[in-house]
1. Please count how many residues of region B:54-75 are more than 7 Å from every other protein chain (Cβ to nearest Cβ) and open to solvent by 20 Å² or more (accessible area, probe 1.4 Å).
2. Where the second residue is open to solvent by 40 Å² or more (accessible area, probe 1.4 Å) and part of a loop (DSSP other than H, G, I, E, B) and the first is within 22 Å of B:GLU68 (Cβ to Cβ) and basic (Lys, Arg) and lies in region A:101-130, which pairs have Cβ atoms under 9 Å and are six or more apart or on separate chains?
3. Restricting attention to region A:397-440, which residues are open to solvent by 60 Å² or more (accessible area, probe 1.4 Å) and in contact (Cβ under 8 Å) with a residue 12 or more places away in the chain?
4. Counting only residues that are under 21 Å from the mean Cα position of the chain (by Cα) and under 19 Å from A:GLY232 (Cα atoms), which one in region A:310-324 is nearest to the other protein chains (Cβ to nearest Cβ)?
5. Which one of A:ARG392, A:ARG354 is farther than 25 Å from A:ILE296 by Cα, of a type in the set (D, E, K, R), surrounded by fewer than 23 Cβ atoms within 10 Å (Cβ to Cβ) and touching a residue at least 24 places away in the same chain (Cβ under 8 Å)?
6. Going by the structure shown, is A:TRP249 of a type in the set (Phe, Trp, Tyr), open to solvent by less than 10 Å² (accessible area, probe 1.4 Å) and within 14 Å of chain B (Cβ to nearest Cβ)?
7. With A:ILE243, A:ILE286 as the choices, which residue is in contact with a strand residue (DSSP E or B) (Cβ under 9 Å, 6 or more places away or on another chain), outside the structural domain of A:PHE380 (by TED's automatic domain parsing) and touching a residue at least 12 places away in the same chain (Cβ under 8 Å)?
8. Can you name the number of the only condition in (1) touching a residue at least 40 places away in the same chain (Cβ under 8 Å); (2) away from chain B (no Cβ under 11 Å); (3) open to solvent by 20 Å² or more (accessible area, probe 1.4 Å); (4) under 19 Å from B:PHE11 (Cα atoms) that A:THR155 fails?
Amino acid sequence: MKYNSQKVAYWFFALSMLLLTLQIVYGFIMAFAHMGFDGLHEFIAFNTARAVHTNLLVVWILSGFMGAAYYIIPEEAEHELVNMKLAYAQLISLALVGVVAIIGYHFNYWEGRKFLEIPRPLDYLVVVNVLTFLGIIVTTLYKGKQRTTTSLVLTMGLVFAALLYLPGMIWFDNQTMDSFFRWWVVHLWVEGVWELIMGGILAFLLIKITGVDREVIEKWLYVIVGLTFISGILGTGHHYYYIGVGKTWLIVGGIFSALEPLAFLAMALFAVSMYRKGEKKHPNKIALSWTLGTAITSFVGAGLLGLAHTLPQVNMYTHGTLVTAMHGHLAFWGAYGMIVFAIISYTLPNLTGRKLYDSTTGLLAFWLSNIGMLGMTVAFGVAGVAQVYLERKMGMDFGDVQKEIQVHFVVLAICASMFATGIGFYIYEFIKYGRPSKEALQN
Amino acid sequence: MLSKSQARTFFLGGTIITFVVFLGLSWTSLTKEVPKRTHEENLSAEVIAGKHLWESNNCMGCHTILGEGAYYAPELTKVVERRGEGYMRAVLSSKEPWAPRGRKMVAHNFNEEEVGQLIEFFKWIGNVDLNGFPPKPDYKSTINSK
């Protein structure tokens with residue numbers, strides 16, 4: 001690392017890894033419940049496990065993004081973070097809010113709106129927390145020597161993400177209105193501004209790893225985020241087909257959300273072609289695997305599997321079934337899980353000064369987690385498609401269908417074990433690197 | 001070949017145009033369509049109290065409504081039509097976990113007033129115009145038909 005304050009990133013990444021571990025535990029609780037083993041029902045009912053699982057996902061990814069920003073911004077702006085102590089305070093408060101929310105979910109303390117379960121009083125703390133984070137990032141950028149496109153796109157993504165949290169905090173009496181604005185947060189995050197953050201991190205990694213000229217990479221970054229917004233903003237319509245708004249959304253949502261894979265395709269082509277074009281071969285092979293991996297897997301998971309059920313004629317049948325869980329898992333993992341893993345793999349040797357490039361554990365982590373997650377996606381897909389035909393086409397009762405598809409959750413759990421083993425290896429490697437050290441400065 | 005400033009114009013221009021269109025469409029939907037399609041005049045205090053109960057117990061953590069939520073328990077938008085009030089009263093006021101086919105629901109043990117509010121909420125949402133969702137099963141066997 002070039003700047004001492006970059007080491008703050010390490011602790012955000014550590015928090016990420018901790019929360020991811022917990023997320024996986026709660027995922028297993030749900031998989032077992034789907035198989036019929038719900039011995040924990042009294043203490044951790046399904047709705048608790050579900051809220052914990054999805055909220056931990058959001059928080060560990062955000063923590064990863066924040067860590068990435070704390071590493072990338074000083075390097076891009078050529079300036080130390082303006083206030084390191086405040087950054088640490090922000091980390092601790094983020095962890096505290098997360099922990100309190102998750103404990104609350106075990107005691108029926110929540111808001112009960114998918115992905116936005118955090119109770120209102122804690123929402124305000126989240127706002128303060130994010131404002132602190134943005135304050136540090138934006139001031140550093142402002143005081144810095146230069147403002148690169150990569151750092152601007154990354155910061156823009158983070159600022160918009162914060163702004164878009166607000167519509168989720170408005171109370172509506174009408175469930176349709178509630179749902180309408182909930183998607184302003186959820187959809188415009190994951191199919192909009194989070195892609196800006198992902199694009200920014202990806203551009204930074206490609207500049208560092210491939211050595212391709214910054215001007216070339218940043219030009220394509222603009223094209224990618226342009227495609228993201230052009231398709232993604234009106235693509236919000238694919239959540240408005242069947243919630244009580246008009247038919248215009250069937251057409252607008254159908255057309256624009258069908259274009260959404262283009263942004264991910266562009267991202268995949270961009271990463272692969274920059275890699276092939278690059279003359280510099282960076283020794284950090286693990287970081288390279290995750291960087292190319294995230295670009296390709298996000299195209300498959302978020303792009304293609306999203307396209308598979310985004311047209312209104314298909315979505316009429318798949319809406320609200322396990323087909324959504326199929327797409328959700330590979331999309332979040334490919335686009336956002338893996339980009340966080342990529343930036344961690346790239347930064348760890350720089351933060352700690354230990355160059356454990358190309359280790360067997362690191363490669364095992366990459367392959368096991370990815371093959372495991374692909375297997376999980378297939379299991380969800382088979383269960384979901386069977387559910388669609390039996391329940392929506394043939395009219396079998398929900399419960400009977402769930403009995404029929406139980407077996408697919410055994411496959412899911414086996415694949416999830418493989419995934420978890422991969423993550424285990426990754427975290428083992430993370431711990432083996434040790435803490436950031438002063439000797440790592442000026443690498 | 002495309003220059004960096006052209007790429008930036010593409011990004012900014014595309015974003016601004018689509019965002020303005022999105023805001024316009026949203027405005028029309030929320031002011032013209034939603035009041036009519038959701039029968040906003042029927043949003044009584046009871047329905048709203050029902051929505052509160054729906055949220056404060058995180059029903060969406062297992063069920064879906066308007067197709068949104070989790071996939072562990074049945075979709076409830078048309079539950080009044082499908083199950084009827086009597087069945088719903090039994091489920092909602094149950095002191096033991098309701099467990100059809102062994103899959104347990106949290107025993108919410110709602111009192112009579114709360115049960116009434118939830119049923120009003122479900123009646124209201126069952127009447128929202130959802131462009132045909134959830135679809136009616138349309139499978140017919142051809143083996144035994146003449």
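The values are calculated or read from the model by the stated rules, or taken from the named source; none is laboratory data. This is a predicted model, so every value here is computed, not measured. As a convention, Cβ positions derive from the backbone with ideal geometry for all residues, glycine included, and neighbour counts pool all protein chains shown. Surface areas here come from the heavy atoms of the whole protein model, side chains and all, with no ligands, DNA or RNA. Shrake-Rupley method; radii C 1.70, N 1.55, O 1.52, S 1.80 Å.
1. Residues meeting the conditions: 1.
2. Here the result reads A:ARG120/A:TRP171, each pair linking region A:101-130 to a residue that is open to solvent by 40 Å² or more (accessible area, probe 1.4 Å) and part of a loop (DSSP other than H, G, I, E, B).
3. A:GLU404, A:VAL410, A:VAL411, A:ILE414, A:MET418, A:THR421, A:PHE425, A:TYR428, A:LYS432, A:ARG435, A:LYS438, A:GLU439
4. Across region A:310-324, the extreme among qualifying residues is A:THR324.
5. A:ARG354
6. Yes; evaluated as a whole, the condition is true for this residue.
7. Matching residue, one of A:ILE243, A:ILE286: A:ILE243.
8. (3)
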